[in-house]
Amino acid sequence: MKKLTILLALFITSFTLNAQNQEAYMNAMVKGLQSMGAERNLENLQASAGQFERIASNASDQWHPQYYAALSYINASLLAEGVKAKDQLLDKAKPFVEKAKELVPNNSEVVALEGFYFMAQLAADPNTRGQSLSGLATQTFGYAMKLNPENPRAMALMAQMQYGTAQFFGSSTAGACGLAQKSIPLFNAEEKGKSFDPTWGIEVAEQLMAGCGK
Amino acid sequence: MQCFKFIILFVLAIASNAKAQTVISGKVTDSQGQSIPFANVYIKGSFDGANSKNDGSFSFQTSETGQRTLMVSFIGFKTFEKTLELNGQPIQVDVILEEQINKIDGVTITAGAFEASDIKKVTVLKPLDIVTTASAAGDIMGAINTLPGTATVGESGRLFVRGGEGYETKVFIDGLEVRNAFGATAPNVPTRGRFSPFLFKGTIFSTGGYSAEYGQALSSALVLNSNDIAEKTQADISVMTVGGDLAYTKKWENSSISGKVQYTDLRPYQDMIKQDFDWKVAPNGKVAELVFRQKINGTGLLKVYTNMDISNLSIRQPNINNGGAKDTVSIGNDYFYLNTSYKDIIADRWSVRAGVSTTLNQEKIDFNTDVIEEDEKGVHAKLALNWEAAEKVSVNMGAEFFAKKYTNKFNIENGPNDAFDFKENIASTFVETDYFASNKFVVRTGLRLEHSSLLGQTWVNPRLAMSYKLTEKGQFSLAYGQYLQSAQNDYALVNQNLKPEKAAHYILNYQYIHNDRVFRVETYFKKYDDLVKFIDENDFNPNNYSNAGFGEAKGVDVFWRDSKTFENTDYWISYSYVDSKRDYRDFSSLATPSFVSNHNFSFVAKHFVVPLRTQFGATYNFASSRPFHNPNKSGFQNDKTPTFHDLSLNAAFLIKPNIILYMSSSNIFGRNNVFGYQYADQANAQGIYERQEIGQGAKRFIFLSLFITLTKDGQENQLDNL
């Protein structure tokens, strides 16, 4: 009987530890998402990137921390000054994109993230990279939309690519604007705080729409 | 009772989990005391941690207790680890991170080498730069010719590097030899490189002092690195004033295949635009290319590239020895090149590169009624291993095998009707060690051993290079090396005992890269020995051919590139000074050869006009006068040509995202550049040797082309754009 008690106790302790680990994971993720959602500056994004990096190394079977670590670094690269600094941050993002792809192959969100990574690379040095990367980014967003035609992030980012291209070539932005418009109700329908699945991106579509109205 | 015990245990378990929080704070600095922001500070195996702030300070709480490891990591530094006892008492830790030796972004050896690489690295030239250089007309070699160390030799089109002849530059694709990298041509008719710049993601142009991995090149190695797996499925169509091509690329998850067919024909163009050369049949040809890529086991990459090229031309050239009557020279060239390479990581710290290349080149030369057939077959096999022996040491070693067979058949009217051939096999091994004393100082020592089957002899060539990084932006490099190259086919055919020609390079380089601006200055001394010497080129007596030739070249190369100062504008300036003298071939004394011009200058500018979606480009090339031998004067190599000037312009207009209209013209001002003179063998009745100019094929070359790319995205409107 005594033996059983110890066994039970061990079972319960390990269970609570696990639950605690689970709780710690939740808390750590929430903390990371908070710092990512805070005022958008390099320091906050680096902090959230670091936080997700720590979570990713400890919960290596979860794709969410990989996703947000990459996203933080990509967003940080957009704020950084100079090609070299931008590239350094994107170099940090890359392994997390790769790892997320490995954990959940053909996940529309992760594919859209990869497209966003290409887009950020392009944005760092558009003159020399435009030719090779614009097609690649567009193609990747296209694939994300094929995997999930209702993915508003893939749509908004694709719309942004199309908008930029249309502006450059002086052609109609109607297609891009239509796509951004279509994404907004999908963004609004997303339930926030229910899981760690991404819900960001409405600002991308809204910003585009502001340009479209002109 | 048991039930009660269980509850107690459960409560205890919960209680023990509700532990005290420990605050850990401190500062992260490097060994010089500079604070490091954004370092990742955390407790190993937990989610607790923080990033250091701008002043390097950090502070965070952890609920962990007992002995735990504090980890601090930051890119470019070794990860810091320290065991802490966590018991609720605040802990102060000062972290000093030690710099990690970075073999990729730290100090690199730059003496002699111009690297044009993929989008990531800060380099001197990018692959796209090659295509958009005005004077290049899409030829890799043309763009390389705007870099310092090269000389304009307008009647050749080959790369003449630092007082070296065209043949002294060797071309490699993925580390494997390419024979006959330039198209076949008639005497004094310039040629072009055979390979499209779009095949390559990076280029290393070495003007001397190159690694022990590269042999059989006296002056220069042009190392072309081909693209990896294609990024997307697409079709490409080009329509040009001189022909067109069609290409299709299919990409899968782990592999890709591309095929291209190209047809070039200068006949319609030359019928329209007046030529100075008298073409019987303007150059025309067909090229087929196949590129295959396959990823193997995640880390391995197999590359296969084939090029088949059939070309013809026929030209009438005035013969000064025949009262100006014209000779007809026709060239038919069949070319095949196959390059297969594989690279992989085979173990922790070990990677392998292996490959085989094959070149088959047949040239049929009709000179009036005489026929000469040249046939060259070459195979190059290489196996190389890279070993990251230690944090500060990497080793590159390998073995190579070159086999060559050259046949020359003469069918001369009223003359000999004969065939000659020779075979040469060269086996070589190389080993090279990079020692990174710090992130500021690297030394590379190498040794190359070559054995020739033809001569039954073995040579050992040492190589040495080092770089010292003065600041983040500037560094000095030094390089030394001994180089060998087998005697040229035409001479080895006559005398098979000719030893390889030799050169020793000494190079001192300073490079400064900052903010999209590059400044390089390099000075060198090159000593030639065992150059082939003969009395008369048309003499077939082996005893009259020897290795008695020698020579030297010294000079300074300067390069400045700036894509920062002017918006949407990129320009570079190259200047080369060379002083070179030789006594080789049929020279009667030590003299400067005719291909050497003391001063070469290039200015390349590109400006993108956003509202027009057009990139405009200009290249100005200058070469000072070249020496030639004038038999009407006393002495040897006793006269000088006029100077060379060429201003080329181009424009690339992006009509749609996938349609580019490209226009270029060489020699806008139509200057009559003279490269040299041919003198009659005999003096005329007045005792004067008559001469004729060696000049340009036409005043200018105008090129128009439309490039169309078709992709099938998941997006319909991508295609609608067409």
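The values are calculated or read from the model by the stated rules, or taken from the named source; none is laboratory data. Because the structure is predicted, anything quoted here is derived from the model rather than measured. A quick note on method: Cβ atoms are made from the backbone with ideal geometry, for glycine too, and the neighbour counts reach across all protein chains shown. Calculation scope for accessible area: heavy atoms of the full protein, side chains included, ligands and nucleic acids excluded. Shrake-Rupley method; radii C 1.70, N 1.55, O 1.52, S 1.80 Å.
Summary of values
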read-out	value
Rg/Rg_ref, segment B:370-521, where Rg_ref = 2.2 N^0.38 Å and atoms are Cα	1.46
Average other protein chain Cβ within 10 Å of Cβ, residues A:134-142	5
Residue-normalised accessible area of segment B:21-97, expressed per residue, 1.4 Å probe, Å²	48 Å²
Cross-link table B:364/B:581; B:201/B:364; B:170/B:554; B:170/B:499; B:201/B:440; B:326/B:364, entries beyond 25 Å C-alpha to C-alpha	B:364/B:581; B:201/B:364; B:201/B:440
Relative contact order for chain B, counting Cα pairs under 8 Å that sit 6 or more residues apart, in percent	10 percent
If the convex hull is drawn through the Cα atoms of chain A, its volume per residue in Å³	137 Å³
Packing-based order for B:568-578, B:346-356, using average beta carbon neighbours within 10 Å, highest first	B:568-578, B:346-356
Coil-residue GluC sites (Glu not before Pro) of segment B:403-483, DSSP, other Cβ within 10 Å capped at 14	B:413, B:472
Average beta carbon contacts from partner chains per residue of B:231-242, 10 Å cutoff	1
Shielded by partner chains, segment B:35-59 residues - at least 40 Å² of accessible area, 1.4 Å probe, vs chain alone	B:38, B:40, B:47, B:51
C-alpha long axis of helix B:2-17 to longest principal axis of chain B, angle in °	50 degrees
Cβ-placed point charges (K, R +1; D, E -1), dipole of the protein assembly as shown about Cα centre in debye, nearest 20	1680 debye
For the pair B and A, total buried accessible area rounded to nearest 100 Å², probe 1.4 Å	3900 Å²
Top positive-direction residue, dipole computed over the protein assembly as shown with Cβ charges, set B:26, B:71, B:498	B:26
Ranked packing of B:615-625, B:323-333, B:79-89, most packed first, by mean Cβ within 10 Å	B:615-625, B:323-333, B:79-89
P(r) histogram, all alpha-carbon pairs of segment B:21-97 included - 5 Å bins from 0, percent	4, 18, 31, 25, 14, 7, 1
Cα gyration tensor shape of segment B:385-431, rounded if a/c is under 1.5, else prolate or oblate by comparing a/b with b/c	prolate
Interface residues in segment B:62-79 - accessible area drops by 40 Å² or more relative to the isolated chain, probe 1.4 Å	B:75
Given charges at beta-carbon only (K, R positive; D, E negative), |dipole| of segment B:21-97 in Debye	80 debye
Stokes-Einstein D (µm²/s) once Rh is taken as the Kirkwood radius of chain B over alpha-carbon pairs, at 20 °C in 1.002 mPa s	74 µm²/s
1.4 Å probe, heavy atoms, protein only - residues of segment A:18-49 losing at least 40 Å² accessible area vs chain alone	A:20, A:43, A:46
Magnitude of the charge dipole, segment B:113-720, Cβ model with Lys/Arg +1 and Asp/Glu -1, debye to 20	1440 debye
Whichever lysines have a C-alpha closer than 21 Å to that of residue A:92, once near sequence neighbours (fewer than 8 apart) are set aside	A:31, A:84, A:101, B:44, B:53, B:78, B:103, B:120, B:121
Per residue solvent-accessible surface (Å²) - segment A:40-102, probe of 1.4 Å	38 Å²
At q = 0.04, 0.05, 0.07 Å⁻¹, base-10 log of I(q)/I(0) for the protein assembly as shown (Debye sum, equal scatterers on each alpha carbon)	-0.24, -0.37, -0.68
Residues listed by number, segment A:32-62, amide nitrogen under 16 Å from residue A:192 label point at 7 Å toward C-beta	A:32-40
Segments B:61-68, A:191-198 sorted - mean Cβ within 10 Å per residue, highest first	B:61-68, A:191-198
Over segment A:106-214: Kirkwood hydrodynamic radius from C-alpha pairwise inverse distances, Å	14.0 Å
Accessible surface of the protein assembly as shown [probe 1.4 Å, protein heavy atoms]: carbon and sulfur percent	57 percent
Signed unit charges on C-beta, dipole axis of the protein assembly as shown, positive-most listed residue B:654, A:119, B:619	A:119
Cα lying deepest toward the dipole's positive end in the protein assembly as shown, options B:247, B:438, B:163, charges on Cβ	B:438
